[in-house]
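Enquirer: Pasting a structure here, questions to come.
Just so it is clear, none of the values below were taken in a lab; they were calculated from the coordinates. Treat the numbers as computed from the prediction; the structure is a model and nothing was measured. Cβ placement follows ideal geometry from the backbone for every residue including glycine, while neighbour counts extend to all protein chains displayed.
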Protein chains: 4
Amino acid sequence: MNTQQQAAPQAADDYASRDWWRTGIIDMRPGEIRYRGYAIEDLIGNVGFAQMIWLMLRGELPTAGQAGLLEAALMSAVDHGPQAPSIAIARMAATCGVGLNNAMASAVNVLGDVHGGAGEQAVALYHDAAARVDAGLAPADAAREALAGFVELHGKFVPGFGHRFHPRDPRAPRLLQLVDEAAAQGHVGGRHAQAARAIEAELARQKGRTIPMNIDGATAVIYAELGFPAPLARGLFCLSRSVGILAHAWEQTQQGGRNKGPIPRQYLPVYDGEPPRPVPGAG
Amino acid sequence: MNTQQQAAPQAADDYASRDWWRTGIIDMRPGEIRYRGYAIEDLIGNVGFAQMIWLMLRGELPTAGQAGLLEAALMSAVDHGPQAPSIAIARMAATCGVGLNNAMASAVNVLGDVHGGAGEQAVALYHDAAARVDAGLAPADAAREALAGFVELHGKFVPGFGHRFHPRDPRAPRLLQLVDEAAAQGHVGGRHAQAARAIEAELARQKGRTIPMNIDGATAVIYAELGFPAPLARGLFCLSRSVGILAHAWEQTQQGGRNKGPIPRQYLPVYDGEPPRPVPGAG
Amino acid sequence: MNTQQQAAPQAADDYASRDWWRTGIIDMRPGEIRYRGYAIEDLIGNVGFAQMIWLMLRGELPTAGQAGLLEAALMSAVDHGPQAPSIAIARMAATCGVGLNNAMASAVNVLGDVHGGAGEQAVALYHDAAARVDAGLAPADAAREALAGFVELHGKFVPGFGHRFHPRDPRAPRLLQLVDEAAAQGHVGGRHAQAARAIEAELARQKGRTIPMNIDGATAVIYAELGFPAPLARGLFCLSRSVGILAHAWEQTQQGGRNKGPIPRQYLPVYDGEPPRPVPGAG
Amino acid sequence: MNTQQQAAPQAADDYASRDWWRTGIIDMRPGEIRYRGYAIEDLIGNVGFAQMIWLMLRGELPTAGQAGLLEAALMSAVDHGPQAPSIAIARMAATCGVGLNNAMASAVNVLGDVHGGAGEQAVALYHDAAARVDAGLAPADAAREALAGFVELHGKFVPGFGHRFHPRDPRAPRLLQLVDEAAAQGHVGGRHAQAARAIEAELARQKGRTIPMNIDGATAVIYAELGFPAPLARGLFCLSRSVGILAHAWEQTQQGGRNKGPIPRQYLPVYDGEPPRPVPGAG
């Protein structure tokens, strides 16, 4: 073996190298850690977990009213049971001989456009409708136009409304009530709650029946009211659902079992492929 | 193509099949969701995010004193900057054309025994030392014996003490102060804080210099005081660090860049392998 | 604790349940395993790894000519060094106390639209150009129209052409040579190789300089010639790059190190955030 | 915002920085790529996928006899159907709105000690038994001692023998037959095949019935005969099973469905937790 080292980099490259990793979130020196300028020892004991989430993502500390709504959105979406692919994956992973961190990773990973993206899409939809109201449209007209634009781009699944299991998602009205209270107290403006309700009304008009707001639609109202950009609605959902994922992975660990698949061993998947046949040229 | 369906399962199998997915965490009916028996609409607005984490993992709601300590442990470990592999991975993933959920998954996934397991190991170490005190040993003797047992099993890296960057981790003393206050008010017993300090003293005696408690050692004191089993210390760290992971992935997204690796493109890794050679039998 | 079991499912549901997991890939009975109808004991010793990949994805065995091209595409894209995020992630993960499977997962996970999607997009682009030729256009006109359509939809990065490190990617001409040989022998039709070259010529015309085909563009020619749908080009790239990912994770394991980040510990990322400030209301 | 840049690194640090990423696998210069010293354009067309896997992991090219056995081990373990957690996870992930790379990652990730580690453990077991033969023991005695050592360390599950679904795994005898043929032709030594058969015989003696070698045990014979270290047996299994994972993720994509969980929506998991109760202090 030989060692073929590259020529020493130029001074200008050195700078580029150090600048390659650049952040405004955390500043460290030996013995010193600051997040967004705040010393960690000052934050500890004065700032809760949800407030810290806000600080890390937004750069400033939230007001008490803002923090309360964020807590509600985060705590209400932690789990929807083992029928959800993410939860089932966490439980199966926990039986395969990997760590809780790995079980969480395999599960959080599937919170993609279909499983975890409804909140992100709903925030974008509310932003659109609210902007149309700001531009002078009546809420109902803004809702109709925003909906039409969304369906043209993304198809018939309108995120945030309707539920294949719950005729009425019990989480949504309670979250909306909290938003209304916060708006009455001036903690948030209420424009996106208005937009969401106008969209719900427009959907009911179009379909001839109520398609009630679900958990994704309601947490999206909160995230939009709190000023989070749409992609962070998915990020926050991942933080929230990670709790249920961890709880189920842990419960499965306690139940035991090795290598648990989706169905018990005595069941076989239905096979609908080629009938038995010989390999050409084989013995 | 043909369809070769399996014989219909027996009635006994049906039961087994339904029992294959079993949980005590969440109970649902159409329009109804209960966690650990509590209706979600009753929890929303009355229970914060950290309390919900406790309920999901422990089955009961925490007291205010317990919830306060859990908040502190969770908020203090969210981030240690882009030099940590998990944070760097999140930032690189964010430039590769995957979702925030995927960036979070690749990053949380590496919080294994070395990167994320110190808290879990420290809780187990404190449990061991505290149990020896309960069995009648003086704290210093219990610490010495527990340490010896740990090092024999796991090697020279004692989790929770010492830091390769911080001469003194600024997070640990502040967290211990909160534990002391909580113990003084009767929220926790204080046995594991005592065990941790005895281990710190024993380490200093053995090494001839202070090896101060770090963030993993301090959060482990809290998790042990709060009664979490050791593996959940890793799980809780994953929840906590997920916040920093998300924040850095998001910041990187805002900075832009495509396909960002660990070093700028003008740098090449050092090659120390075989010199150029021909492929036997090739052209 | 009580046990609230659900009512027994109906017979019709039972059927639905068994049909929930349905496949044409594998059929098993105790002591018997068939893939696409072929008994595993007949396949073993008669079919190589690349042929098995083809069988699993396509449902039939490849001809020798097809298998040879697939081998070449798979073996040529295994690795592009630790500057690639996927490889760096595999190496960092290997130092964090997780298994090789976990290191591979964190790394394969980032082969998204930007890092792993070029082949998929290039196949789609070639399909489009070849279809325009089939519809009667001259290859140059087809290339121009297909390119224009792609850029309008996806932006200025044309997948499969140009390389930020290699002025001329040494893999592409050799792979194209194999395609030409296979076309001359009738193993493949050559339409997509023609389309790719017409696109390369059109790009050169537009930019005023050659933007030579790269590894993604060349393997995409092979996958398109072999009849793979575009999304499988990404899947096949993931299989291929998994080899480099595994090799680097393993080499890093042998080099040792614990918790290796992107830069050595003595370097700090540049901080460009808020200056030090007090926490409002804290101590 | 201010910018607090770190002091410029010392010259000695610069070297350390460049050496931080070091490899003997791949060497690149603009327009040039070499793996283990071989130019990529020389490898393409002369080396197949399995041979490239060997080169990347071992540093040298395999002989034809070695390559043939590696092909057989890799192709025989690609899939064991949707009851395996890894395959089920890949299929569920594919319905959640993530890419094929993400579906593969979530699935490969669970190939841990229980689901993917049997081959690794079996290689280590064979190494141990073969070393005892080398040290002078009769094969039967070596097998008994190696087994006893394994069970004491790892518990009662002896990896590589017995199958919960197949009374006799149809893959194992055929793979062993290939090993015997390769040994007869001098491609491999045959010591580990001997060790594996002695362990099978010892197990039968202990249990009073045959516990036949399974796919993990048989591929482990091949990997051990070929000189792979035990951890790479897991890595190679991950490469192999990635093929089935990709094929099932792709088939599920073609079947359609959104957000598919482990059981159909009309089924609910059995709930065995707390009965309904009020939240203390709520409403």
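Enquirer: With the label 7 angstrom out along Cα to Cβ, how close does A:R258 come to the same site in each of the other copies, in nm, nearest first?
Expert: From this label point to the equivalent ones elsewhere in the assembly: 3.1, 4.1, 4.8 nm.
Enquirer: Is it possible to state the helix-based mean residue ellipticity at 222 nm for the protein assembly as shown, with each DSSP H run of 4+ residues giving -39500 (n - 2.57), the sum divided by total residues, to the nearest 500 deg cm²/dmol? What is it?
Expert: Computed mean residue ellipticity for the protein assembly as shown: -17500 deg cm²/dmol.
Enquirer: Per the Debye formula with a single identical scatterer at each Cα and no solvent contribution, what log10 I(q)/I(0) holds for the stretch C:178-262 at q = 0.19, 0.24, 0.26 Å⁻¹?
Expert: Taken in order of the listed q values, log10 I(q)/I(0) reads -0.90, -1.14, -1.21.
Enquirer: Still on this structure, please answer the following. Among the lysines, which have Cα under 21 Å from the Cα of A:K207 when same-chain residues fewer than 8 positions away are ignored?
Expert: A:K156
Enquirer: Bin by bin, in steps of 10 Å, what percent of the Cα pairs in the stretch B:84-155 do you find, going until the bin that has the longest distance?
Expert: 19, 31, 19, 17, 12, 2
Enquirer: When every alpha-carbon pair in the stretch B:35-78 is counted, what percent end up more than 11 Å apart?
Expert: 65 percent
Enquirer: Sorted by mean Cβ packing within 10 Å, highest first, what order do the peptides C:99-107, A:204-212, C:238-246 take?
Expert: Ranking the peptides C:99-107, A:204-212, C:238-246 by packing returns C:99-107, C:238-246, A:204-212.
Enquirer: If you don't mind, another one. Let's test the formula: R0 of 56 Å, r as the Cβ-Cβ distance of B:R197 and D:A131. What FRET efficiency results, to the nearest 0.05?
Expert: Here the calculated transfer efficiency is 0.75.
Enquirer: Here's another thing I want to ask about it. Give the relative contact order (percent, whole number) for chain C; include only Cα pairs under 8 Å separated by 6+ residues.
Expert: 26 percent
Enquirer: Follow-up question, since we're still on this one. Which chain D residue hugs the D-C rotation axis most tightly by its Cβ, and what is that distance in angstrom, to the nearest whole number?
Expert: D:A105, 2
Enquirer: Enumerate the calculated ³J(HN,Hα) couplings along the stretch C:133-148 in order (Karplus 6.51 cos²θ - 1.76 cosθ + 1.60, θ = phi - 60°), each rounded to whole Hz, writing x wherever the residue is Gly or Pro.
Expert: 5, 4, 7, x, 6, 5, x, 5, 5, 4, 4, 4, 5, 5, 4, 4
Enquirer: What number does chain B give for Rg over Rh if you use C-alpha atoms and the Kirkwood radius?
Expert: 1.09
Enquirer: Further question: What do you get for Rg/Rh over the stretch C:217-260 if you use C-alpha atoms and the Kirkwood form of Rh?
Expert: The Rg/Rh ratio comes out at 1.25.
Enquirer: Report, to one decimal in Å, the Kirkwood hydrodynamic radius for the stretch D:170-226 based on all distinct Cα pairs.
Expert: Hydrodynamic radius (Kirkwood, Cα pairs) of the stretch D:170-226 is 11.4 Å.
Enquirer: Here is a follow-up. Looking only at the protein assembly as shown, where both bridge partners belong to it, what percent of the DSSP beta bridges are antiparallel (to the nearest 5)?
Expert: Roughly 75 percent of the DSSP beta bridges within the protein assembly as shown come out antiparallel.
Enquirer: List the extent of the Cα atoms of the stretch B:41-140 along each of their three principal axes, largest first, rounded to whole Å.
Expert: That works out to 58, 42, 19 Å along the principal axes.
Enquirer: Take the Cα pairs of the stretch C:123-267, get the Kirkwood Rh, then feed it into Stokes-Einstein at 20 °C and 1.002 mPa s and tell me D in µm²/s.
Expert: 126 µm²/s
Enquirer: Another question about this same structure. How large is the direction-averaged shadow of the alpha-carbon convex hull of the stretch D:201-242, in nm²?
Expert: Result: a mean projected hull area of 3.5 nm².
Enquirer: I need to check one value: relative contact order of the stretch B:165-283, counting alpha carbon pairs closer than 8 Å and at least 6 residues apart, in percent.
Expert: Contact order relative to length: 24 percent.
Enquirer: Right, another one. Mind computing the radius of gyration and Dmax over the alpha-carbon atoms of the protein assembly as shown? Å is fine for both.
Expert: Computed over the Cα atoms of the protein assembly as shown, radius of gyration and Dmax are 29.5, 92 Å.
Enquirer: What nm distances, shortest first, do you get from the label point of D:A148 to those in the other copies when the point sits 7 angstrom along Cα to Cβ?
Expert: Values, ascending and in nm: 3.0, 8.2, 8.4.
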